[in-house]
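**Q** I have a structure here, written as structure tokens, and I will follow up with some questions on it.
The values are calculated or read from the model by the stated rules, or taken from the named source; none is laboratory data. Not measured: the values here are computed from a predicted model. Please note: Cβ atoms are built from the backbone with ideal geometry, for glycine as well, and neighbour counts cover all protein chains shown.
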């Protein structure tokens, strides 16, 4: 895939799962901690939560883009991303994602489902995960 010059580059530094994550502009400055499900105290956020927030926001934005292109109002759409981490057969770890897209009643005629499919094609997170991790999309 050939990309044009970056329109924006985010820069963040982290010191591990039990530490801090800080963006270069200081807008993000978070304590990181292992979640209780993985043996931690949960006294901070974790990479899976950060990925879930980013993917949900990006996918909602992609829905807005394809909605505007189709002249369809998508302002009442919401996206929830569930990011799971599991052991893999090679002894490492892998991620999985479920995107729950809540559509307003006005998009229940099939238009909403088509927009969700189009958003999945243009969303940078969807492109990055395609073929790399399982992503399930549930339209609610």
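**Q** Out of the residues in segment 108-121 that are assigned to a helix (DSSP H, G or I) and surrounded by fewer than 16 Cβ atoms within 10 Å (Cβ to Cβ), which is nearest to the chain's Cα centre (by Cα)?
**A** Restricting attention to segment 108-121, the residues satisfying the condition of being assigned to a helix (DSSP H, G or I) are 111-121.
Those still in the list that are surrounded by fewer than 16 Cβ atoms within 10 Å (Cβ to Cβ) too: 111, 113-114, 117, 121.
Values: 111: 22, 113: 18, 114: 19, 117: 15, 121: 14 Å.
Taking the candidates together, the pick is 121.
**Q** Here's another thing I want to ask about it. Being buried (at least 17 other Cβ atoms within 10 Å of the Cβ) and at pLDDT 95 or above is the filter; apply it to segment 68-88 and report the residue that is farthest from residue 129 (Cα to Cα).
**A** Among those that are buried (at least 17 other Cβ atoms within 10 Å of the Cβ) and at pLDDT 95 or above, it is 79.
**Q** Another question about this same structure. Somewhere in segment 89-107, is a residue in a helix (DSSP H, G or I) and either surrounded by 17 or more Cβ atoms within 10 Å (Cβ to Cβ) or touching a helix residue (DSSP H, G or I) at 6+ places or on another chain (Cβ under 8 Å) (or both)? Don't jump to the end; show me each part of the working.
**A** Kept after step one, since they are in a helix (DSSP H, G or I), are these residues of segment 89-107: 105-107.
So of that shortlist, the ones also either surrounded by 17 or more Cβ atoms within 10 Å (Cβ to Cβ) or touching a helix residue (DSSP H, G or I) at 6+ places or on another chain (Cβ under 8 Å) (or both) come out as 107.
Scanning segment 89-107, I find at least one residue that is in a helix (DSSP H, G or I) and either surrounded by 17 or more Cβ atoms within 10 Å (Cβ to Cβ) or touching a helix residue (DSSP H, G or I) at 6+ places or on another chain (Cβ under 8 Å) (or both), so the answer is yes.
**Q** So residue 48 clears everything in (1) part of a helix (DSSP H, G or I); (2) touching a strand residue (DSSP E or B) at 6+ places or on another chain (Cβ under 9 Å); (3) without any contact (Cβ under 8 Å) to a residue 40 or more places away in the chain except one condition, right? Which one?
**A** Failing condition for residue 48: (3).
**Q** Continuing with this model, one more query. So residue 135 clears everything in (1) under 17 Å from residue 57 (Cβ atoms); (2) in contact with a strand residue (DSSP E or B) (Cβ under 9 Å, 6 or more places away or on another chain); (3) surrounded by fewer than 15 Cβ atoms within 10 Å (Cβ to Cβ); (4) at pLDDT 95 or above except one condition, right? Which one?
**A** Single failed check for residue 135: (3).
**Q** Tally time: how many residues in segment 1-56 are closer than 18 Å to residue 81 by Cβ, surrounded by fewer than 16 Cβ atoms within 10 Å (Cβ to Cβ) and touching a helix residue (DSSP H, G or I) at 6+ places or on another chain (Cβ under 7 Å)?
**A** 1
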